[in-house]
Structures are given as C-alpha cells and as structure tokens.
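Inspection log for the structure reproduced underneath, given as structure tokens.
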Amino acid sequence: MLGFKRKLGEKISRLLSLSPEDVRFDYPPNLSLGDLSLLSAFIVGKREGKNLVSLAREYASKLEDLPMVERVVTAGPFINFKLKRDEFFLYAWESRDEVKVFPREGKNLVEHTNINPNKAAHVGHLRNAVIGDSFSRLLSVVGEVVEVQNYIDDTGVQVADVVYGLLKMKGLPPEAWDGIGEKFDHFCWDLYVEVEREMETNPSAQQERKRILKALEEGEGSYSEAGRKLAHKIASLHLQTMENLGIEYDLLTWESHIISLGLWARTFELLREKGVIRKADKGPNAGCWVMDIEEGGQLREKVIVRSNGTATYVAKDIAYQMWKLGLQDRDFKYRVFKKYPSGRLLYTTTLEDGEDMDFGRAARVYNVIDSRQGYLQKIVKEAVRRLGFEKEAEGSIHLAYEMVALSKRSAASMGFEVDGEAVSISGRKGVGIKADDLIGEVRKRAAQEVEKRHPELSLEDREAIAEKIASAAIRYYMLKFTNNSVVIFDIEDALSFEGETGPYLQYTLVRMNSIRRKLRERGVSLLSPRWRENDDYWDLVHRASRFDEVLDKVRENMELSLLAKYLFSLAQAFNVFYAKYPILNEADPGERSLRFAIMELVEAKLKKGAYILGIEIPERM
RNA sequence: GCGCCUGUAGCUCAGCUGGAUAGAGCGUCGGCCUCCGGAGCCGAAGGCCGGGGGUUCAAAUCCCCCCAGGCGCUCCA
C-alpha cells in the first residue's frame, strides 16, 4: 500500500494543486465505506475556513483517472476511494516479497544489551536486547546499513564489587573460577548480593573496593587482571544467553579500551576549546569542570570532570558517542571474537595487534537504554550539539523504553517481599528473574506441549522445536508492550502460548506450511489466481497490504509493539479466513487457487514480520 | 521544587502527530473436529476512556487545573 499510496498521492497532488503535506490518507473504519480515505478536505478546509463537505465534493469531482481506483465517493468531509480489487490484488500478490519502504542514507549504529559484566542477565536486560535486536533487524529489512554494538563496562564499580567478593570473601583466585560447579554468572549473581551487604557495614571492604576500581581503570596489577577475566567470562555467558534468543552482535566495545585509547582526553580538549564546559570556581562544584544545563527555567551545573580531575560517566559517554559518530581522530584495533553458526562474525576492540576496520562513523546512533537514562542521554546529545555538530546531534537517538518490574504474583512465588503492586528488579538485592531461568522454564513447558502433540518425534527434534517456541514466546512478550509502558513481568503470562503470543504467530505460519505440503502431497494443481468478489477475501488482502506502512511507522517511532500487534491481527484475520474458507478441500479450481494465492500474500508478510521480531518458524509444532 | 512517563473492560494492555460504531488477549459463561493442524474458530457478558474545565464541525486523543502512581534530577555508574 505504501508504494501505491505514493503514486496515488502524486497524482492527486497534481490534480488538486495541493502540496504533498496536504495529501494525507487514512483508512475508513469499515471497508464498506471505501478502501482508502483522503483527508485533504479537512486539512485545507480548516486552514482556509471553507465548508468541509462542499470542499470534499469539489475535490472529488476533480479526481479522475486515478490508478487502480474504481470509484470516488464522499462521505461528509471524507473522500473515499474504492479500489479496483482485481487489479490491486494481483499487484499485491505479485510484489508480495518486496518491501517498499525508502531506505535512508548512511549507516545506523544500534547499541544495545550493555549489561554490567558482573552477574547473570535478568528479564530487564532481555527487554533491552530484544528491542535492540528487532529494531536492527527491521532497519536491515528495509534495506538500510546496520551495525550492532554491545558496550561492556569492564572497569566499573559493579565489576570491582564482584572481584572483591571472589578474591577476598570467597578466597577464589581466577584459576579457581572454572572449577565452580554452578554456572559462573549465576554464582556471581548471589555473590554480588553478599558483597553489597558486606560493603554497607564494612569500611575496610569499601577501601579495598576503591583500590580495585583504581586498578581496573589503570589496567595494571593482579586486580586488573582478575577484573578483565571476570568481565570476559561473564560477557561471554551473556552472549550465550542472547544467542538462545537469536540475538547477535557485530562488535563488542570495552570501556577499558576506550580509556586506553584516550578518547576522553581529546574530547576534554574540545569541550574546553568550544566553551561547552567551564571550571566552576565557587559553589558546591568548585574545582569541577561543569556544563550549564537549563531545565524548566532553572539553571543547573552538571559536573563533567570531578575536582580530582577524573572524568564522570557522562564525560566518557560523550567521548564514546563522538567516536560512534565518527568525530574522533583515533580508532581502535579489532579482531574476531567469535563466529556465529549463521556465519556472522563478532568482532571486539583490542589493545593488542589487530586489524583496522570501518566500525563506527554512523549517520544515526541508536542508543537502546531504559528511560531512566533520559536525562544523561539528553546531556550527551546537547554536548555534541554545543561542540558544533548539529547534524550529528540530531543523529544521536535515545531509543528509550520503560523498565521491567516483577508482578506481585511472580515476585511472591519466588519468595520476594511484596508491599506494592509490583517489585522493582534489583541486582544489588538479588531481586529478579534470571534470563537463563526464564528461558529454561519456557523451554520446559514448550517441550511438554510438543511431546503431547508429537510423541512420534525424537527427543532431539522435540527439543529443537521447543527452543524455537520458547524464544518466540519470550521475544513476543518483550515486544508486545509499548516502550512507554512499564512491563509488569508476570511469569505465567510469559509462559503462555495462547492468544496474543509468539507461538500463535508461529502456529499460523506452520499451518500455512502444512497446507503447502499437503498441496504437493496430494498433487493438487493451481491456476494463476483470478480475483473473485468477496468482502472477506478483500479484508485480508487489504490488511496484508499495509505491512510496509507498519514498518515505516515502526522505524519512525522506534515502536516495535506496533509491528507485534499488526502481525498478530493479520494472523488472526487469516485464521478466521481459514476457518471459513477451506483451501485444499475447495472443489472449484479457480476458487481454490485464489484462496491459496491470498494465503501466499499473507504468508509473505507474516514471515518477514516474524523475522523482524526474531521469531523462527519450525516445520511443525 | 524541576523534568519525563502513566491512569481505558475483573486482570494485562492497544488506540493518543484530533476523524466515522472505543479494540485485543487473558479470565468467566455457552458453542464448534465426517473436513486443509483445536497452540485454532464462533458467540455472550463486561466501559462516567482517573476527575473537572476549555479549544473544535469533531476529543480516549490537543490545552489548562486537580487527584493517583512510576522514574529521573549525586564530584554513583
């Protein structure tokens, strides 16, 4: 519909002498009113103070020879088009695999996941990674260049804490870590909670943590080595967890490398030169380099460099953002970190010998971070702008989403205390559901369902199917809520395979596969499809044809839930169609062929959409 | 105090850059396998769209006020 609307819009704009902005379309709530509505009479009439209804009539009378339009009818101020269904259907069917969204110029850098490498990933991290991954998939489906990065803060307090716990509290030197029976990141999950309790009451532990932190930042000594190993081990486990959900990356960037490369030093100079920051000589921030931020009419100083000369988190983020935008004059070296089964290569930045690569230098940088970081992201963007990089600042995009909390029911079932409606996830307190545990539980349930339905399959085959179902269930669950909505994570809902879920989409596509297979087995032949008038058919064709528009809107609004909802409603519409109109069992060859073609049209959209959501389709389920 | 977000069916949520009759899933109740896969389909019950005012031909949607809740605003990351 997107390509068609473009053509139609151009023609209308010529016929009515309207600017493209005044030619806006919408869909009637009911296809009996028309297939497409033109809203120009509202827009122009309102602006020029004309009678909307008579303007609509005037416009309608001038609209002639429109492509694929059979009739133009006005309904009050609405100008409705009834399309030539036979022509439109053929056009949609023949081009069903094309995506007609205009790709934008330049590279997109999508940074997501970014989990502190000191403990297991939890369901909150899953939301981040799934949104980031699906958004990157969408950009590449519409034909844009995408690079996915995962930034790892291997020099932060969180890593220092667990280094302290392992070395000082557990007496486990790095050589002993591989011998820990439990999965290492899960072990650290519990340990981190112990460490946090220790830190609260033990000043000497705090002192030691400071020393560890300093060593991590300087990159020297045994503490630093332990920190590096910890971060590396845990990050690798996170990668495994994400791979279970089909999430892959192109590059790992390590905070310690950013420090060594000296990106900050250069940025610090620039910030001073351009007067973006100034040294505060009085007040509570005396001795610090600060940036003046105005918000709600209040002037605030944001500390960028502490009075002891060290850079704050935002400071480093500004420097790193500059690198992503190609505004740094130095670059990392790179080497391959691992090769995915898909063949995709995951690179890592490195301090040792490595290749020169073309990472970064993006036209648009999407930072996928929860909305709590909104203020800091705003400062980073503002700093880039004040450095004189207006265009790059515009390309610095915060893909924000709300956090994940645990539902009362889920939290209580795991033995956490519940006082309100929901419980915030807290790594420090150990409150949360580990991503691996969730994946394991969903797989277990899926395997039970598969066994019930397909006892004839081998255990191995059943497990493989269960993995795909589990991944689809989790991914869909993480994407069905709008970014602005706090996800009250409920394990029972997430485990569900019925209704608005990932498995529902899979089931629909598996059913289509099955129909196709039966078609071959029975040797049913098909004719080239010819349209026959039927409102139910048309509704499905019309709905499937809006796919491109949905992708366009998702890219614009960075709102994956739109796609999830759309695909669900399309699948639902197909299932209604399927229940009412047999395909293979239809005796009339013309009718049968048409129904099959409609299925193919819907299938093409569902498949592409499922790919974007990261949902794989098993042969059977 | 300042900023961002949220309040829609019993529950979880769509719809919000104004448009035609406010939707979905779950749950509840009742139906549907002689037939392409019942993880499905059909039907029913269920709504002062937090409250009040305003703008408009038109408001769940935009503006203002109020109420309720979440998050952020550290020389933490």
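If amide H atoms are built 1.01 Å from N in the plane of the peptide, which residues on other chains or at least 5 residues away come under 5 Å of the amide H of A:ARG71?
For A:ARG71, the qualifying residues are A:LYS82.
Report relative contact order for chain A in percent, whole number only (criteria: Cα-Cα under 8 Å, sequence separation at least 6).
15 percent
Report in % the part of the accessible area of chain A that belongs to carbon and sulfur, leaving out ligands and nucleic acids; probe 1.4 Å.
48 percent
Quick one: what are the phi-derived ³J(HN,Hα) couplings along segment A:255-267, Karplus 6.51/-1.76/1.60 with θ = phi - 60°, whole Hz, x for glycine and proline?
Karplus-based 3J(HN,Hα) across segment A:255-267 equals 3, 4, 6, 5, 5, 4, 5, x, 4, 5, 3, 5, 5 Hz.
Return the sequence-ordered ³J(HN,Hα) values of segment A:408-415 in whole Hz as given by the Karplus equation 6.51 cos²θ - 1.76 cosθ + 1.60 applied to θ = phi - 60°, using x for Gly and Pro.
3J(HN,Hα) across segment A:408-415, in whole Hz: 3, 4, 5, 5, 5, 5, 9, x.
Any aspartates and glutamates with Cα under 17 Å of the A:LYS170 Cα? List them, leaving off those in the same chain fewer than 8 positions away.
A:ASP161, A:ASP178, A:GLU182, A:ASP185, A:ASP190, A:GLU194, A:GLU196, A:GLU198, A:GLU208
Using just the C-alpha positions of chain A as equal point scatterers, what log10 of I(q)/I(0) does the Debye formula give at each q in 0.08, 0.09, 0.12 1/Å?
Results for chain A at q = 0.08, 0.09, 0.12 Å⁻¹ read -0.71, -0.87, -1.30.
Averaging the inverse of every distinct alpha carbon separation and then flipping it gives the Kirkwood radius. What is it for segment A:538-621, in angstrom units?
13.8 Å
Going down the list A:LYS11/A:LYS100; A:LYS119/A:LYS279; A:LYS338/A:LYS452; A:LYS444/A:LYS518; A:LYS46/A:LYS553, which pairs span over 28 Å between their C-alpha atoms?
Beyond 28 Å: A:LYS119/A:LYS279; A:LYS338/A:LYS452; A:LYS444/A:LYS518.
Could you give the length gained on full extension between A:LYS279 and A:SER19, defined as 0.36 nm per residue of separation minus the Cα-Cα distance, in nm?
Going from the current span to full extension adds 88.5 nm.
If you average the alpha carbon positions of segment A:164-221 and of segment A:535-555, how far apart do those two centres end up, in angstrom?
Computed from Cα coordinates, the inter-centre distance equals 53 Å.
Calculate the length of the line joining the C-alpha centroid of segment A:569-616 to that of segment A:1-63, in whole Å.
Segment A:569-616 and segment A:1-63 have Cα centres separated by 32 Å.
Of A:LYS434/A:LYS608; A:LYS324/A:LYS480; A:LYS429/A:LYS468; A:LYS408/A:LYS429; A:LYS229/A:LYS381, which pairs sit farther than 22 Å apart, going by alpha carbon to alpha carbon?
From A:LYS434/A:LYS608; A:LYS324/A:LYS480; A:LYS429/A:LYS468; A:LYS408/A:LYS429; A:LYS229/A:LYS381, over 22 Å: A:LYS434/A:LYS608; A:LYS324/A:LYS480; A:LYS429/A:LYS468; A:LYS229/A:LYS381.
Once the Cβ-Cβ distance between A:MET357 and A:GLU619 is put in as r, and R0 is 30 Å, what FRET efficiency do you end up with, to the nearest 0.05?
0.20
What relative contact order, as a whole-number percentage, does segment A:520-594 give when Cα pairs under 8 Å and 6 or more residues apart are counted?
It rounds to 55 percent for segment A:520-594.
What's the angle, to the nearest 10 degrees (0 to 90), between helix A:2-15's Cα axis and the longest principal axis of chain A?
The angle comes out at about 60 degrees.
Give, as a single signed number, the net charge of other residues whose beta carbon lies under 11 Å from the beta carbon of A:LYS316, with Lys and Arg counted +1 and Asp and Glu -1.
Within the 11 Å Cβ shell, the charges total -4.
Search the structure for amide H atoms under 5 Å from the amide H of A:HIS122, placed 1.01 Å from N in the peptide plane, and list their residues when 5 or more places away or on another chain.
Answer set, sorted by chain and number: A:ALA435.
Using θ = phi - 60° and the Karplus relation 6.51 cos²θ - 1.76 cosθ + 1.60, list the HN-Hα couplings for segment A:367-376 in order, rounded to whole Hz, with x at every Gly or Pro.
Working through the residues one at a time gives 9, 8, 9, 5, 5, 5, 8, x, 4, 5 Hz.
How large is Rg over Rh for segment A:378-487, taking Rg from the Cα atoms and Rh as the Kirkwood inverse mean of 1/r across Cα pairs?
Ratio of gyration radius to Kirkwood radius for segment A:378-487: 1.18.
What does the highest-first list of A:347-353, A:337-343, A:540-546 look like by mean Cβ count within 10 Å?
Sorting A:347-353, A:337-343, A:540-546 by mean packing, highest first, produces A:540-546, A:347-353, A:337-343.
What value, in deg cm²/dmol to 500, does the helix sum -39500 (n - 2.57) over DSSP H runs of n ≥ 4 give at 222 nm once divided by the residues of chain A?
So the calculated ellipticity at 222 nm is -16000 deg cm²/dmol.
Report the FRET efficiency, 1/(1 + (r/R0)^6), for A:GLU94 and A:GLU10, where r is their Cβ-Cβ distance and R0 is 25 Å, rounded to 0.05.
Efficiency, from the Cβ-Cβ distance: 0.70.
Ignoring ligands, DNA and RNA, what accessible area per residue does chain A give at 1.4 Å, in Å²?
45 Å²
Using the Cβ atoms and a cut-off under 13 Å, what net charge is assigned to the surroundings of A:ASP552, where Lys and Arg are +1 and Asp and Glu are -1?
Computed value for this residue: +2.
Given the convex hull over the Cα atoms of segment A:29-102, what projected area results after averaging over all orientations, in nm²?
6.3 nm²
Quick one: check the C-alpha center-to-center distance for segment A:311-359 versus segment A:400-431, whole angstrom.
35 Å
Sort A:225-231, A:390-396, A:465-471 by the packing proxy (mean of other Cβ within 10 Å over each peptide's residues), most packed first.
Listed from highest to lowest mean packing, they are A:465-471, A:225-231, A:390-396.
Mean separation of Cα pairs under 8 Å and 6+ residues apart, divided by the residue count of segment A:278-427: what relative contact order is that in percent?
14 percent
The values are calculated or read from the model by the stated rules, or taken from the named source; none is laboratory data. Because the structure is predicted, anything quoted here is derived from the model rather than measured. All Cβ positions, even for glycine, are placed from backbone atoms using ideal geometry, and neighbour counts span all protein chains on display. Ligands, DNA and RNA are stripped out before the accessible areas are found, and what is left, the full protein with its side chains, is counted by its heavy atoms. Shrake-Rupley method; radii C 1.70, N 1.55, O 1.52, S 1.80 Å.
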